[in-house]
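Novice: Sending over a structure as structure tokens; questions will come in a sec.
The values are calculated or read from the model by the stated rules, or taken from the named source; none is laboratory data. Not measured: the values here are computed from a predicted model. Counting neighbours? That spans all protein chains shown, and the Cβs are built from the backbone with ideal geometry, glycine included.
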Amino acid sequence: MKQAATAAAPEAVESGDDWSKAIATQGGGVAATIAELRRKRGPRGPQQKPRKIATALRLDAEALARWRASGRGWQTRAAALLAKYAP
């Protein structure tokens with residue numbers, strides 16, 4: 001099995017795949033691989049509370065088109081404007 005994996009590696013490099021961040025493990029299944037990755041990366045930190053809530057807001061097509069046309073971050077800017085004028 002190792003020969004097949006070794007033979008495939010040059011083809012992958014030739015195809016332009018980036019293997020520079022690949023992690024080689026000794027095998028042993030998924031549980032062993034996850035345990036090894038945790039040892040290498042350290043423990044996972046505490047989870048953050050979600051700061052935003054997904055919701056649906058009905059806007060007319062023209063208003064939405066203008067917001068989207070304003071570029072990246074349009075949702076953040078729209079949320080700030082809504083917060084400013086909220087009752």
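Novice: Name the single residue, out of those in region 41-72 being surrounded by 10 or more Cβ atoms within 10 Å (Cβ to Cβ) and of a type outside the set (Ser, Thr, Tyr), that is nearest to Ile23 (Cα to Cα). Spell out how you get there, then give the answer.
Specialist: In the first step, residues of region 41-72 are kept if they are surrounded by 10 or more Cβ atoms within 10 Å (Cβ to Cβ); the result is 59, 63-68, 70.
Right, trim to of a type outside the set (Ser, Thr, Tyr) and you get 59, 63-68.
Values: Leu59: 47, Ala63: 47, Leu64: 44, Ala65: 44, Arg66: 45, Trp67: 42, Arg68: 39 Å.
The extreme case among them is Arg68.
Novice: Do we have Ala32 as among the small types (Gly, Ala, Ser), under 18 Å from Leu81 (Cα atoms) and modelled with pLDDT of 80 or more here? Outline the logic, then answer.
Specialist: Details: among the small types (Gly, Ala, Ser): yes; under 18 Å from Leu81 (Cα atoms): no; modelled with pLDDT of 80 or more: yes.
It is false that Ala32 is among the small types (Gly, Ala, Ser), under 18 Å from Leu81 (Cα atoms) and modelled with pLDDT of 80 or more.
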